[in-house]
Amino acid sequence: MIFGAFERMVASRYLRSRRKEGFVSVIAGFSFVGIALGVATLIIVMAVMNGFRQDLFSRILGVNGHIDVTALSRSITDYDAKLGEVKKIPGVTSVSPLIIGQVMATARGYNSGALVRGVPGLDLFNKPWISDHIVGGSLSPVIDNKAIAIGTRMAAHFGIEVGDDLTLISPNGNVTAFGTVPRTATYTVGAIFNVGMSEFDSSVIFMPLPLAQIYFKQPEAVTNFEIHVDNPDNARIIAERVKDVMGQGHRVLSWEQTNEVFFTALQVERNVMFMILTIIIVVAAFNIISGLIMLVKDKGADIAILRTMGASRGMIMRIFFMTGASVGVIGTFLGFGLGWVFCENIDGIRRGIEKLLGTELFSPEIYYLTQMPAQMEWDETLAVLAMSIGLSFLATLYPSWRAAKTDPVEALRYE
């Protein structure tokens, strides 16, 4: 569809607010604002959902690994031999032996449940999500099997710092003549980490593997293997090979199986939000239809005069097509600009709103993360822009066709 200078001039005049068609201009304004807000909201929500998923994905895999092997009989006794066999599997980059156990942590009169992860100190040092996020002390005493590492939220809960003691109480206690006595031990805090996930920062304790073997009474044994692979997308396939190597008595789960419900829920929520927010753009497109129909009715005499002066039906159709499409296109790109600026500054905007309202909008205990992420994916953003412009163009077709079908004789007769 080729637009000439005449069509552009008439369309631009129809877009300007004049006294007679003031109400039509108001409808066009609402359509413009509706499309801009719809596109901006859709871009922002999808970017936040993408950022939330990607941030959780990287943090969870950075701390937990890609494949988890758990002994069904409570321990893996020949773990050195098994460890060597698993390392030979193509695609496996590292394997860490672990001891994982639930305990009750207590300090300064406060108690809290915690999860102890006994891990070789050097393996802990090689985890960037831990080693690069130490905010107090260092991993050196942990590597030397002399101290433990806890999260910032756990340290704040107990009111302890680096160098203070933390007592751990295990429910699997020592059997005595007087019954089962809970097993207790006190350890020095050598490092405090902040990985940005409240679940880890508030409840996970990293302990050197030799100390964990003594505390949980697992000499020369471990309870888990934590496996990293070169490509997380192949984790499920590699897990099947790990299962063959480990044999019976072991449960082998990839990260997709471990977090399947969680990530599936995120994907479903993302798709539902996309559908709901698309309705905003559809409603704005219907406003374009109603505004153009009213404009065609209001401009019946003008259309008739243009036809008698030699304007073809194609020219009339292009005039009204440009009038409606301009609202959609300009509104779409304004919405893109608003969405992009908002995504680039979303965490600062969130902090400003919290300071203004005096309340917490993004609780880490609920959302797992300490800051609001936003990641715009350009293929998805372009799809949103194309959908908005496409709906805007479709919305102009019927009113434009109706304008082109106007009979000049009938239009002038009733004026």
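Add -39500 (n - 2.57) for each DSSP H run of 4 or more in the chain, then divide by its residues: what number comes out at 222 nm, to the nearest 500 deg cm²/dmol? If you can, show how the numbers build up before the last one.
On the way: 18 runs with 241 residues, N = 415.
Value at 222 nm, helices only: -18500 deg cm²/dmol.
Over the Cα atoms of region 150-266, each weighted equally, I'd like the Debye log10 I(q)/I(0) at q = 0.11, 0.14 Å⁻¹, rounded to two decimals.
At q = 0.11, 0.14 Å⁻¹ the computed log10 ratios are -0.59, -0.90.
Which residues' amide hydrogens lie under 5 Å from the amide hydrogen of ALA185, considering only partners 5 or more residues apart or on another chain, with H built in the peptide plane?
It is LEU168, by chain and number.
Return the long-range amide H neighbours of GLY118 (sequence gap of 5 or more, or a different chain), with a cut-off of under 5 Å between placed amide H atoms.
Those qualifying (amide H under 5 Å, at least 5 residues apart or on another chain) are ILE99, ILE100, GLY101, MET207.
Quick test of the membrane-span-like rule: which DSSP H helices of the chain reach at least 27 Å along their long axis (C-alpha atoms) with mean Kyte hydropathy at least 1.0? Display every interim value, and only then the final one.
Details: long enough: 22-64 (62 Å, 1.48); 260-298 (57 Å, 1.59); 313-344 (46 Å, 1.23); 378-404 (38 Å, 0.78).
TM-like helix candidates: 22-64, 260-298, 313-344.
Considering the chain as a Gaussian network with a 10 Å cut-off on Cα pairs, which listed residue, VAL296, VAL384, VAL222, attains the greatest mean-square fluctuation?
VAL296
Stretch ILE214-LEU356 to full length: gain in nm at 0.36 nm per residue minus the Cα-Cα span? Kindly include the intermediate steps, with their values, before the conclusion.
On the way: separation 142, 0.36 × 142 = 51.12 nm, distance 5.17 nm.
Between ILE214 and LEU356, full extension yields 46.0 nm more.
Can you pull the one-decimal nm distance between simple spin-label points at SER140 and GLN375, each 7 Å off the Cα toward Cβ?
Spacing of the two 7 Å Cα→Cβ label points: 3.6 nm.
I'd like the distance between the alpha-carbon centres of region 281-343 and region 134-174, rounded to an integer number of Å.
Cα centroid to Cα centroid, the span is 66 Å.
Counting only the backbone N, which residues of region 220-263 are under 20 Å from the spot 7 Å out from the Cα of ASP78 toward its beta-carbon?
Answer for this model: 220-226, 241-252.
Grab every C-alpha pair in region 85-130, bin the distances at 10 angstrom width from 0 up to the longest one, and report whole percents.
Each 10 Å bin holds this share of Cα pairs: 21, 34, 31, 11, 4.
Grab the alpha carbons of region 73-248, take their convex hull, and tell me the volume per residue in Å³.
On the way: hull volume 22.2 nm³, N = 176.
Expressed per residue, the convex hull around the Cα atoms of region 73-248 is 126 Å³.
Using only the Cα atoms of the chain, each taken as one equal point scatterer with no solvent, compute I(q) by the Debye sum, divide by I(0), and report log10 of the ratio at q = 0.10 Å⁻¹.
Debye output, listed in q order: -0.79.
For region 119-135, just list the computed ³J(HN,Hα) in residue order, Karplus coefficients 6.51, -1.76 and 1.60, θ = phi - 60°, integers in Hz, with x standing in for Gly and Pro.
Ordered by residue, 3J(HN,Hα) equals 9, x, x, 5, 5, 5, 5, 7, 8, x, 5, 9, 4, 8, 10, 7, 10 Hz.
No lab work stands behind these numbers, since they all come straight from the coordinates. Treat the numbers as computed from the prediction; the structure is a model and nothing was measured. A quick note on method: Cβ atoms are made from the backbone with ideal geometry, for glycine too, and the neighbour counts reach across all protein chains shown.
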